[in-house]
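Only one structure is covered here, and it is reproduced in the block below.
Taken together, the values in this text are just the output of simple stated rules run on the coordinates, not laboratory data. In this text, all values refer to a predicted model and were calculated from it rather than measured experimentally. Cβ atoms come from the backbone with ideal geometry, glycine included; neighbour counts cover every protein chain shown.
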Amino acid sequence: MSNTYSRRPFVECKRCHNRRKTVLLGQMICQWCHRKEPKTNCGVCGKQKRFVTDGGGVCPECTKRASVPTEIECAGCGKKKRPAKRGGKYCKPCQMRVNCGRGVCSGCTRDQKYVHKTKRLCQRCALNHWAPNRLRTLIETIRISGKYNLALFRHLTGLINWERVNDEDRLRIYDFGRFLQSHKFEEPLSWGSIRELKAELSGAKFRCVRSCLEQLGELLLDPAKDEDLEECLSGINPLVPIASLHADVIAVLKKYDLWLRTERKNTPKSRRNHFDTLGGFWRWSATRGLMSLDMVKATHVEEYLHTLGLKWKCRRCSFTKNLTSRGEVPPSACENWECRALDSYEKVIRCVERSVDRHRAGLRVFFGWLKDVEEGIELNPAPAAERRRTRKKKRGWRRKRKATATIQYYDWEVIDALLKDIEEPNAPAGEAMALYFLLHHAFYLRELQTVRIPSQCRPIALGAAPRESLEDVLSLEWRQRELSRKRQFLGRTGEMLQMEPADEPWLRDLVVRFIRERNQKLRDPKNPYLFVGTRGSSRSGPVGGRYIRSLVESATARITGRLCTANILGKSSRLLYAEFGGHEGFRHLRELGLGGSQAHTYAWAKRVRMVPKPANRTKKKDVRRRASGLTVPLIDVFGIPTDLE
C-alpha cells in the first residue's frame, strides 16, 4: 500500500483545495480529507466504505471489479481464464512467465523461457533446483503402514546422492512410496518375489517401481547366497554352454561364475557370453590334447582366435567349413554331397575383428582371474588386444599421423629404494610424506597441494592440541572442486582418503613426525592443507607447485643420487597397480582417480623407461638453488659415483 501511495500524483484536493498527493485516482482527494468522508454500507460487498453514494450504493472497489471482464482467451495458453490484471491479455500463470522473460538458462545453457527469474532457470532446471527440498519434505511427511514396508523405503532413501538429486529422482522415490502405501509385503524380499512383482507391474506407469525393486534387491540380497536367484534367472542360464565339459573344468568355471556376479556384478547375459567363449575354447583345446588349464600357452590362444576369424567356403555352392588350425590345407573336394566340386574352397571371414576382440577379452579376463585370484597359473596366456586404428573424416588441417600413447616409468631399483626410505624412522618427515603419497596412493601434483586434514584433527590455536590426533584417524579429505562441462571423471571415489597400510607402525610414526614439523611451520591455525610452506607461500592457502617439486627432488637426490619428478613417480605407481591385470587392475586405477579411458590406456600404452637425471647435472639458472640444499650419496642407486662440485 505504501509503495502504491508513493507513486500517486500531486493534485489539487477537491475538498481543501490544497496541492497534495491523492489517495484515489478516480477522486482527487488528499489523505486527510479522505479520512473525514462519511462511511456507508456497500450494496454488493456489505462493508462500510467511503464514496458509496457516488456510485449508486456500490463502493469504488466493487465498481472496479464489475468493470473487469470475467474471462478472456489467454494469449499465452489459449484457454479462457480471468485476466491477471485490468485490461491484460494473459492469465495469471502466463503473466508470470511473461514477467520472468526469456534467455539463456544458467543450468542447461539453452535458450528457454525463464521460470525462476532471479537465478535464470528454465522450467526443467527450476524443478531440478527445487527437487532436493521437495524430496526431503516427501521423506519427512510420507506415511507408510507396515514396519517392513517402511524399512524398505528407508533403505532406498539411504542410497540417495543428495549432491546430484534431480526431479526425476524425486518422482522415482514418490512413485515407489505410493506403491508401498498400497502394497504390503507378506514375506521378506527375495529375487523370486521381485520377479513376480515385475511381471505384474508392467508398462511405463510402473517403470520407476521396477527399477527401485531391482536396486533394493542388489542392496539387500546377496546373489551368492539367495536361494531363489537361480529360479529368478532361469530365463538365461549362464552355465548352459559348459554343461557338457569335464566335471573338474565345470567346478573351476562355477567358481569363476561366482566371482563374476559377486565382484564384477556382471549381468546373466554378460556371463552367458563369457561361458560361450570359454566353452568353445575348451572344446577346441580338448581336440589338441590340452587336458588341464595350466597346459594352455599363448600360442594355443592365438591359434584359436585365428580359427575363429576365418573359414572355408565353396565358390560353387557356398558350403562353409570352419578352420581347425593355422596353415591348414584346403580340402580337395567340397564336402557337400550335392556339389563335390574339386579345389573350390577359399578362405573368407568368419568373425569380424570386433567379434574376435570380444573373445580375446573374455579369455584374458578368465585367465587373469585364474592367475591373480586363484593363483592357478603363473602367466596369462591370453594376449592383450592391439589398439585398432580408425580413419576419421578430414576436417580442416590435422596431423596425418597421431603420436603413439606412451607411459613413462622409473626402474624398480629407484622405486624400491624410495619405498624403503619411507619406512626409515630417521628420514625427513616432509620428504617421506610426499614420497608416501606418490608411491602408495599415486597422487598427482595438484592432489599433493590440495589434500586436507580433517577438521577434528586441526589445532584450535597455534600451539594447541586438536580434538583428535591424525595418527589415530589416519584419514584425509579432498577439497570440493567445481566440475566443468569438459571434465570426464569425478576424480577419486569418496570424500575421505584412508591412509594405508593402517596396521603398520612406521606409518603412524611418520604421521607423528610430520605433524610435529608442520606445527612448527604453521602460521595460521585455520589452514586446512596437509603441506604447509614457509617462505613465499600463502598463510592459509595451498602450497605452490615449486615447493612440492623441490621437496621431491631433495628426497630423491638424497636417496638415489638422481632427480626424479613427481609426475613420473605417480605414473610408476599406477603402472604397478595396473600390473595386477584384468578387472582388478582396472578397479584399482579407477579408485586412484583415473577415468575409464585413462585406466584402459594403462593396459595397452607403450612403456617408456626413463633414467633420472644425475643430481650434479643441473641447468645454469638452477645450480645455485639446487646445489645449496641437496644432499647426494657418494654412489647413486645404479652404482655410479656422484661428483657434486
Practice task
Pull up the cross-link candidates among the aspartates and glutamates for Lys21, meaning alpha carbon to alpha carbon under 14 Å and not fewer than 8 places away within one chain.
Solution key: Glu12
Problem - Estimated distance in nm for a label pair at Arg546 and Lys254, the labels positioned 7 Å out from Cα along Cα-to-Cβ - result: 6.7
Fill in the blank from the handout: Excluding residues fewer than 8 positions from Lys420 in its own chain, the aspartates and glutamates with Cα under 19 Å of it are Asp411, Glu431, Glu500, Asp503, Glu504, Asp509, Glu553, Asp636
Exercise for the section: Please give the FRET efficiency for Leu576 paired with Asp111, using the beta carbon to beta carbon distance and R0 = 45 Å, rounded to the nearest 0.05. Expected result: 0.35
Exercise for the section: Enumerate the aspartates and glutamates that Lys39 could reach by cross-link, defined here as Cα to Cα under 19 Å, with residues fewer than 8 away along the same chain left out. Expected result: Asp54, Glu61
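As an exercise, use a Förster radius of 35 Å and the Cβ-Cβ distance of Asp343 and Arg607 to find the FRET efficiency, rounded to the nearest 0.05.
Numbers: r = 48 Å, r/R0 = 1.37.
Efficiency for this residue pair is about 0.15.
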Exercise for the section: Give Lys49/Lys81; Lys254/Lys371; Lys92/Lys113 a once-over and call out the pairs whose C-alpha atoms are over 18 Å from each other. Expected result: Lys49/Lys81
Completion exercise
Simple spin-label estimate for Arg154/Asp472, 7 Å along Cα→Cβ, in nm, reads 3.0
Practice task
Could you pull out every residue, at least 5 positions away or on a different chain, whose amide H is within less than 5 Å of the one on Ala341? Hs are placed 1.01 Å off N in the peptide plane, and Pro or chain starts have none.
Solution key: Cys334
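Given 0.36 nm per residue, what is the gain on full extension from Glu12 to Leu634 after removing their alpha carbon distance, in nm?
213.5 nm
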Practice task
Scan around Gln408 for amide H atoms under 5 Å from its own, H built in the peptide plane at 1.01 Å from N, and keep only partners 5 or more places away or cross-chain.
Solution key: Val608
Fill in the blank from the handout: 1/(1 + (r/R0)^6) with r = Cβ-Cβ of Thr118 and Gln498, R0 = 35 Å, i.e. FRET efficiency to nearest 0.05, evaluates to 0.25
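Rounded if a/c is under 1.5, else prolate if a/b is larger than b/c, else oblate: which is the range 57-150, with a ≥ b ≥ c the root eigenvalues of its Cα gyration tensor? The partial results should precede the final answer.
Values: a/c = 3.21, a/b = 1.54, b/c = 2.08.
In terms of gyration-tensor shape, oblate.
To the nearest 20 Debye, how big is the dipole of the range 79-182 about its Cα centre, given +1 on the beta carbon of each Lys and Arg and -1 on that of each Asp and Glu?
1000
How much length is gained if the chain between Arg358 and Lys147 is pulled fully straight, taking 0.36 nm per residue apart and subtracting their Cα-Cα distance, in nm to one decimal? All intermediate terms of the calculation are to be shown ahead of the outcome.
Values: separation 211, 0.36 × 211 = 75.96 nm, distance 4.74 nm.
Full extension from Arg358 to Lys147 adds 71.2 nm.
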Practice task
Kindly flag which residue pairs out of Lys79/Lys205; Lys184/Lys265; Lys269/Lys311; Lys297/Lys606; Lys571/Lys613; Lys269/Lys321 have an alpha-carbon separation exceeding 19 Å in this structure.
Solution key: Lys79/Lys205; Lys184/Lys265; Lys269/Lys311; Lys297/Lys606; Lys269/Lys321
Exercise for the section: Can you pull the one-decimal nm distance between simple spin-label points at Leu419 and Gln598, each 7 Å off the Cα toward Cβ? Expected result: 2.3
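Could you grab the Rg to Rh ratio for the range 232-336? Cα atoms only, Kirkwood for Rh.
Values: Rg = 16.9 Å, Rh = 15.9 Å.
Ratio of gyration radius to Kirkwood radius for the range 232-336: 1.06.
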Problem - Under the Karplus curve 6.51 cos²θ - 1.76 cosθ + 1.60, θ = phi - 60°, whole-Hz ³J(HN,Hα) for the range 606-616, x wherever Gly or Pro sits - result: 6, 7, 10, 6, 10, 9, x, 6, x, 5, 8
Fill in the blank from the handout: Long-range amide H partners of Gly76, meaning residues 5 or more apart or on another chain whose placed amide H is closer than 5 Å, are Cys91
Exercise for the section: Multiply the residue separation of His440 and Arg136 by 0.36 nm, subtract the distance between their alpha-carbon atoms, and state the gained length in nm to one decimal. Expected result: 105.4 nm
Handout entry: Mean projected area (nm²) of the alpha-carbon convex hull when the range 268-393 is viewed from all directions
Key = 11.0
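Averaged over all directions, how much area does the convex hull of the C-alpha atoms of the range 138-223 cover when projected, in nm²?
5.9
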